[in-house]
Amino acid sequence: MSRGPKLILALDVDNFSRAEYFIHKLYPKIKIFKVGIQLFTACGLKVIKLIQQKGGEVFLDLKFFDIPYTVANAVRQAVRLKVKMLTLHILGDEEMLKAAISAAREESRRLKLKRPLLIGVTVLTSKEANASDVLTLAKIGIESGLDGIVCSAREAAFLRKEIKRKFIIVTPGIRQNQGASNDQKRTATVSEAIKAGSNFLVIGRPILEAENPILAAQQIIQSL
């Protein structure tokens with residue numbers, strides 16, 4: 001892991017042309033782009049290929065949650081897409097997580113590809129949560145072999161203290177100030193997330209809805 005947290009742009013838009021606009025406008029200032037369920041459903045492989053052709057990396061945020069067999073096969077497909085990282089719901093339980101991890105390792109080895117980082121979702125930042133609930137889920141994920149977890153900055157420092165292992169923290173709900181949370185319940189500023197120990201900061205609307213997305217991105221990057 002390189003020094004300092006990395007910025008991920010959440011491409012939470014509803015069509016390919018809009019995603020293309022932001023990718024072309026913001027790369028290489030931003031090098032990692034999150035493709036979630038909305039955009040993936042709209043244009044799937046097309047946007048993943050565009051990001052990679054541009055030189056960027058993909059955070060595939062589909063939050064896999066199903067029976068172990070189905071999730072394992074979905075993870076194999078994600079490995080073939082050469083994504084940098086992907087998400088799984090920890091609520092799927094240890095059996096599902098371990099099946100996903102095994103599938104990722106086997107497929108990466110078979111294709112001689114770098115294995116994607118497997119990141120477990122604890123509690124969505126659109127919901128209220130207490131730190132102990134997030135800790136319980138995070139421990140299940142890390143002990144099952146995940147590379148890291150998704151959590152808000154509110155829990156990140158607590159998890160760093162309580163879990164005595166190296167793991168990645170991905171923090172969504174990042175805002176430039178605490179006055180603009182939209183539908184998120186557990187938001188944080190860039191400085192708060194950094195102080196809490198987050199490795200990747202996922203930012204969407206503060207950049208996507210800015211009058212000048214390039215300037216907004218640059219200001220955030222300078223604060224990292």
Problem - Under Karplus coefficients 6.51, -1.76 and 1.60, residue-wise ³J(HN,Hα) of segment 7-12 in Hz, glycine/proline x - result: 8, 10, 8, 7, 7, 8
Practice task
Determine the dipole magnitude for the chain: charges of +1 sit on the beta-carbon of Lys and Arg, -1 on that of Asp and Glu, nothing else is charged, the reference point is the Cα centre, and the result goes in debye to the nearest 20.
Solution key: 980 debye
Completion exercise
Expected vector for segment 34-48, Karplus 3J(HN,Hα) from phi with 6.51, -1.76, 1.60 and θ = phi - 60°, integer Hz, x for Gly and Pro, equals 8, 10, x, 5, 5, 5, 5, 5, 6, 8, x, 4, 4, 6, 4
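By the gyration tensor of its Cα atoms, with a ≥ b ≥ c the square roots of the eigenvalues, what is the shape of segment 6-222: rounded for a/c under 1.5, prolate for a/b over b/c, or oblate?
Judged from the Cα gyration tensor, segment 6-222 comes out oblate (a/c at least 1.5, b/c at or above a/b).
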Fill in the blank from the handout: The relative contact order of the chain, taking Cα pairs under 8 Å that sit 6 or more residues apart, comes to a percentage of 19 percent
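For a quick check of your reading of the filter: which trypsin sites (Lys or Arg not before Pro) in segment 112-160 sit in a DSSP loop and have no more than 13 other Cβ atoms within 10 Å? Walk me through the numbers before you get to the answer.
Numbers: sites: Lys112, Lys114, Lys127, Lys139, Arg154, Arg160; in loops: Lys112, Lys114, Lys127.
Listed in order of number, the matching sites are Lys112, Lys114, Lys127.
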Fill in the blank from the handout: Length gained, Lys161-Leu111, 0.36 nm per residue minus C-alpha separation, equals 14.3 nm
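Each reported figure results from applying straightforward, stated rules to the coordinates on display, with no laboratory input. Nothing here was measured: the structure is a model prediction, and the numbers come from that model. Reconstructed Cβ throughout: ideal geometry from the backbone, glycine too, with neighbour counts over all protein chains shown.
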